[in-house]
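Colleague: I'd like to ask you about the structure that follows.
The values are calculated or read from the model by the stated rules, or taken from the named source; none is laboratory data. These figures come from a predicted structure and were not determined experimentally. Glycine gets a Cβ as well: all are built from the backbone with ideal geometry, and neighbour counts include every protein chain shown. Calculation scope for accessible area: heavy atoms of the full protein, side chains included, ligands and nucleic acids excluded. Shrake-Rupley method; radii C 1.70, N 1.55, O 1.52, S 1.80 Å.
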Amino acid sequence: MFKLSALLKFLGVSSKFIVLLMLASLLKERYDSISMVIPALRWDTGLALLSLALHLPLFWTSMIAPLALLIALSMASDVLLNAGEPAAFDQSMRAHIGRIAGLLIFAGCAWLVLVPSLEYFILSGKLSLVLHFSLNDLAVLLTGVLCRMLLFFK
């Protein structure tokens, strides 16, 4: 029979592995979007194109929110890893939930306002507040706000 702490540690380590797979998938997705420029792309030419894309601001603005979300998921797996020690769990959980909530709020705001505004500024040269409304982005933001509200209760 498994102990609950061993199961939680297994889930924590498994979720860390899943976060690494998601990071690799994000990088592959960015590589695929770059490789659409040249139809007959070889791997060496693709890597050269990727290294050029690393110097483009739009490449980095598109990475802001997904990286914040992946960091929040990694921190959530830390909560599972620390759940096995009941003495340190309460303080650790409150600190981690606060950080996770902050990252989720940041990711939601980045997808809704920050990234569209930065991309508009980069492309047009005009500083303006641009809102890109999406239900998924709003759900990430509201999840972060709800997690932050959990900290008000003991």
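Colleague: Exactly one of (1) in contact with a Gly (Cβ under 8 Å, 6 or more places away or on another chain); (2) without any contact (Cβ under 8 Å) to a residue 24 or more places away in the chain; (3) not basic (K, R) is unmet by A6. Its number?
Modeller: Answer for A6: the failing condition is (2).
Colleague: While we're on this one: Got a number for residues in the stretch 88-128 being crowded, with 20+ Cβ neighbours inside 10 Å and either of a type in the set (D, E, K, R) or more than 30 Å from S77 (Cβ to Cβ) (or both)?
Modeller: Within the stretch 88-128, residues that are crowded, with 20+ Cβ neighbours inside 10 Å and either of a type in the set (D, E, K, R) or more than 30 Å from S77 (Cβ to Cβ) (or both) number 0.
Colleague: Can you find a residue in the stretch 45-61 that is buried (at least 16 other Cβ atoms within 10 Å of the Cβ), in contact with a helix residue (DSSP H, G or I) (Cβ under 9 Å, 6 or more places away or on another chain), under 28 Å from V79 (Cβ atoms) and touching a residue at least 40 places away in the same chain (Cβ under 8 Å)?
Modeller: No: zero hits.
Colleague: Just give me the residues in the stretch 107-135 being under 20 Å from L67 (Cα atoms) and among the charged types (D, E, K, R), in sequence order.
Modeller: Selection gives E119 alone.
Colleague: Considering only residues that are within 14 Å of L73 (Cβ to Cβ) and of a type in the set (V, I, T), look in the stretch 1-34 and name the one that is surrounded by the most Cβ atoms within 10 Å (Cβ to Cβ).
Modeller: Of everything passing the filter in the stretch 1-34, V19 is surrounded by the most Cβ atoms within 10 Å (Cβ to Cβ).
Colleague: Could you say which residue among L131, L135 is open to solvent by 70 Å² or more (accessible area, probe 1.4 Å), free of Cβ contacts under 8 Å to residues at least 12 places away in the same chain and either over 12 Å from the mean Cα position of the chain (by Cα) or over 25 Å from F10 (Cβ atoms) (or both)? Even if it seems obvious, please write down each step before you answer.
Modeller: Working: L131 fails: free of Cβ contacts under 8 Å to residues at least 12 places away in the same chain.
Within the list L131, L135, the selection yields L135.
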